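Visitor: Here it is, the structure in full.
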Amino acid sequence: MKAKFLIPLIAGLGLLWACKGKTGSYEVVNNSGSSAADSTKLDSIKLSAPKLVKAAGIHFKVKNVEQTAEHITALVTSINGMVIHHQMGSTAERSLDVRISYDSVMRVTSFNTTADMTVKIPSSKIEEFMNQVGHMGIYVNNRSMDITDKSLDYLSSQLKLKSRTELVAQQKKGTIIIKKPEDVLNLKDDMIDQQIGNRQIDDAVKNSIVTLSFYQSNTINKEIIANDDPSAYNLSFFKRLGMALENGWTMFVDVIIGLANLWVFILAGVGVWLVIRRYKSRVLVKG
């Protein structure tokens, strides 16, 4: 009983605020009996069904991330849903290079592969969908579902929309004079926002958002690549020793050839040495 009297009272206050609120730019010309009639109309607004918004999430381990993503996409399509986000990636956990020849190595890498998906499906299919997705995994780490009741928000938006609609209608009839034209535009913008807000709630009630995250065991990848270590390309000991002997002989030949080019200086030096030696021997004989 209290609720029946409370709703008209709230509606009347809302209409009064819409007429006089904000900057006092509305002027009521004739308001006889309008409040009671408007309250009766607002009181007639009722929700046909609760506005329940469902959201769910699941985190699980699978055998193959790529194949599971394909199966989930097919399942979503079969129930008239839509994949609105899909991201898959691999991260290198560890890597080891094994030398198989002087210029090649085998790189062994451990990869961690994960995927994230967000799907939009009919709310009536959400539990069946979650069960089927759970069966795709090896085990489920976490599974959740949240239900939010948007009934009061929806009803509040409807009451405000009805109040503004009546206000605009009275403004057209001349019952209420709105002093500033921009206030009429603001009223209409508010009405559009409330309509869009209610449509968003209707869509959220009809279709649920499910977030999926799944992963697999680390995989090993092997590949043969060129050795990028310059020191690995050094020649063997025997090859380097043979090259050293060859280089030594080349240097010896070069020295001999160099000395041969200096034969004149060598001959002159020998002559000078003989002259000096002969001179010293004469000095010793005379002494």
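The values are calculated or read from the model by the stated rules, or taken from the named source; none is laboratory data. All values derive from a computational prediction rather than experimental measurement. As a convention, Cβ positions derive from the backbone with ideal geometry for all residues, glycine included, and neighbour counts pool all protein chains shown. Just so you know, the surface numbers come from the protein's heavy atoms only, side chains and all, with ligands and any DNA or RNA stripped out. Shrake-Rupley method; radii C 1.70, N 1.55, O 1.52, S 1.80 Å.
Visitor: Suppose we filter region 148-196 for residues that are in a loop (DSSP other than H, G, I, E, B) and either open to solvent by 80 Å² or more (accessible area, probe 1.4 Å) or closer than 30 Å to ALA56 by Cβ (or both); how many remain?
Guide: 3
Visitor: Do the conditions hold for ILE276, that is, is it at pLDDT below 80 and either loosely packed, with under 10 Cβ neighbours inside 10 Å or assigned to a helix (DSSP H, G or I) (or both)?
Guide: No: the conditions fail for ILE276.
Visitor: With respect to THR113, is the statement that it is in a strand (DSSP E or B) and either acidic (Asp, Glu) or surrounded by fewer than 17 Cβ atoms within 10 Å (Cβ to Cβ) (or both) true?
Guide: The answer is no for THR113.
Visitor: Quick one: count up the residues across region 78-97 that are in a strand (DSSP E or B) and open to solvent by less than 60 Å² (accessible area, probe 1.4 Å).
Guide: The number of residues fulfilling the criteria is 2.
Visitor: If you go through region 217-240 one residue at a time, do you hit one that is under 34 Å from the mean Cα position of the chain (by Cα) and under 30 Å from LEU52 (Cα atoms)?
Guide: The answer is no, given that none of the residues of region 217-240 is under 34 Å from the mean Cα position of the chain (by Cα) and under 30 Å from LEU52 (Cα atoms).
Visitor: If you don't mind, there's one more thing I want to ask. Is there any pair linking a residue in region 106-126 that is farther than 26 Å from ILE225 by Cα to one that is part of a helix (DSSP H, G or I) and of a type in the set (Ser, Thr, Tyr), with Cβ under 9 Å and at least six apart or on different chains, and which?
Guide: Short answer, once both residue conditions are applied: ALA115/THR68; MET117/THR73; VAL119/THR73.
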